[in-house]
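A short reminder: the numbers here are calculations on the coordinates, not readings from a lab. Everything numeric in this text was worked out from a predicted model, so none of it was measured. Heads up, the Cβs are rebuilt from the backbone with ideal geometry, glycines too, and the neighbour counts pull from every protein chain shown.
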Amino acid sequence: GAVVSQHPSWVICKSGTSVKIECRSLDFQATTMFWYRQFPKQSLMLMATSNEGSKATYEQGVEKDKFLINHASLTLSTLTVTSAHPEDSSFYICSATRLAGAYEQFFGPGTRLTVL
Amino acid sequence: AQSVTQLGSHVSVSEGALVLLRCNYSSSVPPYLFWYVQYPNQGLQLLLKYTTGATLVKGINGFEAEFKKSETSFHLTKPSAHMSDAAEYFCAVSESGANSKLTFGKGITLSVRP
């Protein structure tokens with residue numbers, strides 16, 4: 001149990017286009033989902049926290065107009081990178097916590113974004 | 001504020017040797033502590049966690065870690081390394097409570113020599 005999926009697993013896009021990444025909890029309902037960014041050989045940096053039905057809370061320094069997060073249901077959150085540029089190329093990972101007793105985060109497999 | 005320190009970026013051991021990956025944390029409240037493993041181009045897999053109770057926690061793949069409050073440490077060990085243990089390891093801390101944010105250390109790459 002507690003499986004989180006991400007789609008797509010990798011995406012290549014042209015500079016200036018927008019890219020949407022989906023994060024789904026497959027076998028549980030997620031009160032909260034988190035979005036992380038990971039540069040090569042570096043740690044995970046939290047970008048934002050989203051709760052179903054409410055606006056995401058962004059970490060300091062993360063542009064909320066560039067990284068749009070929508071948590072439309074208890075099993076789906078999306079991250080849209082708007083007007084992507086090469087510096088947005090990164091590994092994006094989501095995680096989710098269950099409804100009950102939720103301190104443990106379950107991580108998705110990640111999405112590799114390359115902006116040309 | 002909470003933080004995690006993982007000294008060094010790379011540890012290399014021989015197959016069959018002891019694995020020791022160090023983690024020190026800082027937290028203003030009782031922490032929850034986690035070790036995650038990441039294989040190339042994959043997400044994170046939980047190895048083990050400490051929340052309350054027994055300070056020596058056992059995880060998957062033969063790993064264990066001991067919470068030492070006096071030393072603010074949560075070092076990860078495995079008695080005998082296997083080639084399949086080669087990966088990136090992250091220590092993380094969160095404040096006790098639901099839906100708390102995780103703060104990660106910078107990670108350590110473990111290499112296992114035949």
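Reported count of residues in segment A:21-30, each being surrounded by fewer than 18 Cβ atoms within 10 Å (Cβ to Cβ) and touching a Leu at 6+ places or on another chain (Cβ under 7 Å), is 2. Is at least one residue of segment A:79-87 of a type outside the set (Phe, Trp, Tyr) and under 30 Å from B:Pro30 (Cβ atoms)? No, segment A:79-87 contains no residue that is of a type outside the set (Phe, Trp, Tyr) and under 30 Å from B:Pro30 (Cβ atoms).
Taking (1) buried (at least 17 other Cβ atoms within 10 Å of the Cβ); (2) polar (S, T, N, Q); (3) under 24 Å from B:Pro40 (Cα atoms) in turn, A:Gln42 satisfies each apart from (1).
Residues considered: B:Ala81, B:Ala65, B:Ala92. Of these, the only one that is facing chain A (nearest Cβ under 9 Å) and either more than 13 Å from the chain's Cα centre (by Cα) or surrounded by 20 or more Cβ atoms within 10 Å (Cβ to Cβ) (or both) is B:Ala92. Against the list (1) facing chain A (nearest Cβ under 9 Å); (2) surrounded by 19 or more Cβ atoms within 10 Å (Cβ to Cβ), the condition B:Lys106 fails is (2).
Across segment B:17-43, what is the number of residues that are surrounded by 11 or more Cβ atoms within 10 Å (Cβ to Cβ) and either closer than 14 Å to B:Ala86 by Cα or among the hydroxyl-bearing types (Ser, Thr, Tyr) (or both)? The number of residues fulfilling the criteria is 15. Does segment A:77-116 hold any residues that are under 12 Å from the mean Cα position of the chain (by Cα) and in a loop (DSSP other than H, G, I, E, B), and which are they? Answer for segment A:77-116, where residues must be under 12 Å from the mean Cα position of the chain (by Cα) and in a loop (DSSP other than H, G, I, E, B): A:Gly108, A:Pro109, A:Gly110.
Here's a check for you: in segment A:50-70, which residue that is under 19 Å from B:Gln2 (Cβ atoms) and not in a loop (DSSP other than H, G, I, E, B) is farthest from the other protein chains (Cβ to nearest Cβ)?
Restricting to residues being under 19 Å from B:Gln2 (Cβ atoms) and not in a loop (DSSP other than H, G, I, E, B), the top hit is A:Tyr58.
Look at segment A:2-17: where a residue is of a type in the set (Phe, Trp, Tyr) and a partner is not in a loop (DSSP other than H, G, I, E, B), sitting 6+ places away or on another chain with Cβ atoms under 8 Å, you get A:Trp10/A:Thr111; A:Trp10/A:Arg112; A:Trp10/A:Leu113; A:Trp10/A:Thr114.
Restricting the search to strands (runs of 3 or more DSSP E) fully inside segment A:1-49 and requiring at least 2 residues that are among the polar types (S, T, N, Q) and within 11 Å of chain B (Cβ to nearest Cβ) gives A:4-7, A:30-38.
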